[in-house]
1. Quick one: which of LYS284/LYS315; LYS63/LYS315; LYS132/LYS321 span more than 25 angstrom between C-alpha atoms?
2. Whenever you get a sec, line up CYS184, CYS308 from highest to lowest accessible area (probe 1.4 Å, protein heavy atoms).
3. Search the structure for amide H atoms under 5 Å from the amide H of GLY129, placed 1.01 Å from N in the peptide plane, and list their residues when 5 or more places away or on another chain.
4. So, R0 is 25 Å and r is the distance between the beta-carbons of GLU299 and SER324; what FRET efficiency does that work out to, to 0.05?
5. Given Cα positions, please report Rg to Rh for the range 19-68, the hydrodynamic radius being the Kirkwood one.
6. Provide the solvent-accessible area of THR331, counting protein heavy atoms only and rolling a 1.4 Å probe, rounded to the nearest 10 Å².
7. Just to be sure I understand: if I project the alpha-carbon convex hull of the range 229-330 onto a plane and average over all orientations, what area do I get in nm²?
8. For a quick check of understanding: with a 1.4 angstrom probe and all protein chains in place, what accessible area in square angstrom does VAL228 have, to the nearest ten?
Amino acid sequence: MTGTNWTKGMPLDLYSDYSRRQVHDHFDPGSPFTPGTGTWGIHGIVRVHQRPGDFALFVTFGKREGNHWFDESINDEGILRWQSEPRQDLNSPKIVQLIRHDNRQNTVHLFLRTASMRDGVACPFTYLGPLKYAGHDRDRAEPAHVAWELLAWPIPANVLNRMNLALVREAADFAAEIDGNGPCLIEEAPPVGTMPIGENTRKFQARKVRYQSSEESSALGLAGEVLVVQRERASLIAAGREDLAARVEHVSVSRGDGAGYDVASFFTDGRPKFIEVKTTTASKYTDFYISPNEVSFSELHPDSFELCRIFEYDKQSGTAKFYSVTGNMRTGLSLAHTQYRARPLLVQNTAQAV
């Protein structure tokens, strides 16, 4: 969208081009705008004051500030690796707020260009839609290095060509950080409502999100469930309950997906344990879907229900990390409605036969 077609108050269009002034006019039309200075005229991170918690993120690939070159890119899995200004670090208020960002409540809008000037004219920014926090580098604190997932993905090929945007191909996979033989699970504490601790530089640079087909998603879910079955059997055997270990059941395979849980196991005293498994190759902070049936089952069996969240699954080694949430999922998780089951509205035909 060019300046000649722009009218204040118009909605943002995904993949359209905007100047800084146009973005300012959309979000903050009541404030003054001065090119090349001020919050909207030059800053890379701009708070949208009328919408607390929302931000506009302006990114120019290949940008240089003094002796500092910005190392930024988008990979072929939809992950933006972004750097803050050199003077900002992981403790800067804006960076803290960005890392704590919850895309279910607020929006970080990405405006990106691959060059600041072309043929002596300032290049516009292309609106690439909302972002979701995907991780940060705890080793490189100043400037801050943050990974963002583009929620509007993939970017159409004609838009990539128009922007002259080349996606970085990812060959690295999540690396298993363990020694030993065979698949295994490494337990971690569940994420809490504080700032994520981030990752070391090696893992941050390998950060990616995989988009699976339904078949690939099913295979990933099945692989995670197998790990939990193995974990349960090994734990019961180690506790001297071989009799219970032999009765651990992979319910989603033996009975189907409608039970409200995936694995039937036992506590060491013989009480039943019902385990629902959610598996991802991404980080522990990645959202997941839980069905109303699974939530209802946890309400009926709060003393026996466990949600096992498997993350950073590495299919080559069969290893992953996990955390567990037990009890009633309505109180143990932050649940948000994301969709409705719908059918056509049936209207009685009042027409009279002739």
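1. Details: LYS284/LYS315 17 Å; LYS63/LYS315 37 Å; LYS132/LYS321 22 Å.
LYS63/LYS315, as the Cα separations exceed 25 Å there.
2. On the way: CYS184 45, CYS308 0 Å².
Solvent-accessible surface, decreasing: CYS184, CYS308.
3. For GLY129, the qualifying residues are TYR15, LEU110.
4. Working: r = 18 Å, r/R0 = 0.70.
Between GLU299 and SER324 the formula returns 0.90.
5. Values: Rg = 11.7 Å, Rh = 11.8 Å.
My calculation puts Rg/Rh at 1.00.
6. We get 120 Å² for THR331.
7. Values: hull surface 27.1 nm².
In nm², the orientation-averaged hull projection of the range 229-330 is 6.8.
8. 0
The values are calculated or read from the model by the stated rules, or taken from the named source; none is laboratory data. None of these values were measured; they are calculated from a predicted model. Positions of Cβ are backbone-derived with ideal geometry, glycine not excepted, and every protein chain shown enters the neighbour counts. The protein model used for the area step is the full one, side chains on, heavy atoms only, and it has no ligands, DNA or RNA in it. Shrake-Rupley method; radii C 1.70, N 1.55, O 1.52, S 1.80 Å.
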